[in-house]
Amino acid sequence: MKFFIDTANLEEIKTAMSWGCVAGVTTNPTLYARTGGKLADFENHMVHIAELCEGLPVSAESTAKTVDEMIEEGKRLAALAPNIVVKLPICAESLAATKVLKQEGVDVNMTLIFSIPQALMAASAGARYVSPFVGRFDDIAEDGVEQLAGIIEAIKTYYTPDQTEIIAASLRTPNHVAQAALLGSDIATVPYAALEKCLHHPLTDRGLEAFELDWKKVQEA
């Protein structure tokens, strides 16, 4: 399973990329606004992220509402850098736009997926990625991992990874990440803070502390 970091913060991206385990970035205007950025500069910021990722996929979200607007904005975003993927929310308009963008050679990441039919419709329309939002199921006291399992089984039954990959999105804990991996998700999208938590385990942290103490004793001997 690959890791995508979910952020628009350039420093977070630089740090995570330096670890060598991040395979892409997902972002949106809301995440960009949290960095203090203005919407008018969103596309320039996407170019900076794409450059930092050195060819790895970067999902940039469209804010368009109509089919024609989604197609137009999708083409514009994709033209910013060869590794930019257009992120669209699942709806009738985005399915129609995805069909056209696919024909134009533009990759689409279909988001806000919450059901098997939605995922299959997105893949059928030509989405390169489908993103079931695990964490948001938890927000309404439903089992997001159980829903993810069904979507993974359905997509993998009918599509190969070179056609459509599954992004387990909105993963907020190491446990969610582990469960997504065990279920066979192709990709996990994780915020920086959650990705950093995945580096830690109580036994690892205690082991590192013991190592440090042992090393100091060696130096003082």
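Since every read-out is calculated from the coordinates, none of them should be taken as a lab result. Keep in mind that what you see is a predicted model, and the values were worked out from it rather than measured. Every residue, glycine among them, receives a Cβ derived from its backbone with ideal geometry; neighbour counts consider all protein chains shown.
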Can you give the charge dipole size of the chain about its Cα centre, rounded to the nearest 20 debye, using +1 on the beta carbon of Lys and Arg and -1 on the beta carbon of Asp and Glu?
140
With an 8 Å Cα cut-off and a minimum separation of 6 or more residues, compute the relative contact order for region 2-220 in percent.
16
Given R₀ = 35 Å, what would the calculated FRET efficiency be for A79 paired with R172, taking r from the Cβ atoms and rounding to 0.05?
0.60
State the percent of C-alpha pairs, over all pairs in the chain, separated by a distance greater than 27 angstrom.
34
Per-residue ³J(HN,Hα) for region 57-64, Karplus 6.51 cos²θ - 1.76 cosθ + 1.60, θ = phi - 60°, Hz, x for Gly and Pro
x, 10, 7, 10, 7, 7, 9, 5
Over the chain, the sum of -39500 (n - 2.57) across DSSP H runs of at least four, divided by residue number and rounded to 500 deg cm²/dmol, gives at 222 nm -16000 deg cm²/dmol
Taking K and R as +1 and D and E as -1, what net charge do the other residues with C-beta under 12 Å from the C-beta of G184 add up to?
-2
Please compute the length gained on full extension between E72 and L182, using 0.36 nm multiplied by the number of residues separating them and subtracting their Cα-Cα distance.
35.8 nm
Cα-based reach from K14 at 25 Å (exclusive), listing lysines while leaving out same-chain residues under 8 positions away
K2, K38, K87, K197
Helix 202-220 sits off the longest principal axis of the Cα atoms of the chain, rounded to the nearest 10 on a 0 to 90 degree scale, by 40
